[in-house]
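Asks: Please read through the structure below; I'll follow up with questions.
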Amino acid sequence: MADAFDSDPEQDFAGGLKGLVFDVDGVMFDSRHSNIEYYNLIRRSVQLPPISAEDEEFCHMASVGEALERIIPPEYRDRALEACRTINYNERILPMLSVEPGLLEALHWLRQWNVRLAIFTNRTNSVDGLLRYFGLESFFSPVMTAGNSQPKPHPGGLLSIISQWGVEPRQIAFLGDSRVDEQAAKGAGVPFWSFRNDELTARLHFSDFFKMITWITPLVEGRQ
């Protein structure tokens, strides 16, 4: 996994880094196993077998609505939606997630230097509970989801963040791990940073948050 340290931070962000937008799944949290379990619970509720490896990849990037449309045949959809409402996400799924190493340190450090933080995710109504569960709700504003903006790869969530922050697209970056993240960033004109996915076209690739902090330091250190 390559980390980009040959780039010049001062050239990439001549006016300093004003904000950083995070994807959730695969970036802030190791949630792959929990996502697979969630969708398999729904499939089992309508007597369908577990999702395929190909569908696992799709569901990891997609919104819930997009995922269900793909993995649940139309004739089962009403029953599957009812099953969704009966799953206690906080008890069954949240404990299966884990925070990525270095995330908390990165968030505290970025906030210390007044770098604004936001989220753009294809999750819907699970985001607020997820942030509260891990004590992260105070770090991010705004939180853009598939419930309050169009899902990625549409860039609307990033464009809303840019508008609310009053910044230029090139003054922030979007940290993601999937093709839809890459496409959303491109659509919004925002520099894209890839997290643990060397197959994506990105300005920078990072393998962990500690290395990301090292690269960002010259952009923000000492800023009040």
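The values are calculated or read from the model by the stated rules, or taken from the named source; none is laboratory data. What you are looking at is a predicted structure, and each value in this text was computed from that prediction instead of being measured. For the accessible areas, the whole protein counts, side chains as well, though only heavy atoms, and no ligand, DNA or RNA atoms are used. Shrake-Rupley method; radii C 1.70, N 1.55, O 1.52, S 1.80 Å.
Asks: Over what distance in Å are the Cα centres of region 113-137 and region 10-58 separated?
Replies: So the two Cα centres are separated by 14 Å.
Asks: Below 21 Å, Cα to Cα, which lysines can LYS211 reach? Residues fewer than 8 away in the same chain don't count.
Replies: Leaving aside lysines fewer than 8 places away in the same chain, those within reach of LYS211 are LYS18.
Asks: Oh, and also: Summarise the accessible area of the chain (1.4 Å probe, protein heavy atoms) by the percent that is carbon and sulfur.
Replies: Percent of accessible area from carbon and sulfur atoms in the chain: 48.
Asks: May I ask you to evaluate 6.51 cos²θ - 1.76 cosθ + 1.60, the Karplus curve with θ = phi - 60°, for each residue of region 48-62 and list the ³J(HN,Hα) values in order in whole Hz, giving x for glycine and proline?
Replies: Each residue's phi maps through the Karplus curve to give 10, x, x, 5, 6, 4, 5, 5, 4, 4, 5, 5, 5, 9, 8 Hz.
Asks: Nearest 5 is fine: what % of DSSP beta bridges in the chain come out antiparallel, could you say?
Replies: Counting only bridges with both partners in the chain, antiparallel ones make up about 10 percent.
Asks: Which value in Å does the Kirkwood hydrodynamic radius of the chain take, with 1/r averaged over all unlike C-alpha pairs and then inverted?
Replies: 18.1
Asks: Please tell me the relative contact order of region 79-224 in percent, rounded to the nearest whole number, where contacts are Cα pairs under 8 Å and at least six residues apart.
Replies: 19
Asks: Please list, in order along region 130-140, the HN-Hα scalar couplings obtained from phi with the Karplus expression 6.51 cos²θ - 1.76 cosθ + 1.60 (θ = phi - 60°), rounded to whole Hz, x for Gly and Pro.
Replies: 3J(HN,Hα) across region 130-140, in whole Hz: 4, 5, 5, 4, 9, x, 10, 5, 7, 7, 10.
Asks: With the convex hull built on the Cα atoms of region 32-96, state its orientation-averaged projected area in nm².
Replies: Answer in nm², one decimal: 4.0.
Asks: Determine the principal axes of the Cα atoms in region 114-201, then give the extent along each, sorted from largest to smallest and rounded to whole angstroms.
Replies: 33, 29, 24
Asks: Let me ask you something else. For helix 156-165, what angle does its Cα long axis make with the longest principal axis of the chain, in degrees from 0 to 90 and rounded to 10?
Replies: Compared with the principal axis, the helix lies near 40 degrees.
Asks: Hey, what do the phi angles of region 114-125 turn into as Karplus ³J(HN,Hα) couplings, whole Hz, using 6.51/-1.76/1.60 and θ = phi - 60°, x for Gly and Pro?
Replies: Per residue, the Karplus-derived 3J(HN,Hα) values read 6, 8, 6, 10, 9, 10, 9, 9, 8, 5, 10, 7 Hz.
Asks: Could I ask something else about it? Per residue, how large is the accessible surface of region 78-126? Use a 1.4 angstrom probe and give square angstrom.
Replies: Accessible surface, normalised per residue, equals 53 Å².
Asks: Taking the alpha-carbon set of region 157-224, what are its Rg and Dmax in Å?
Replies: 12.5, 36
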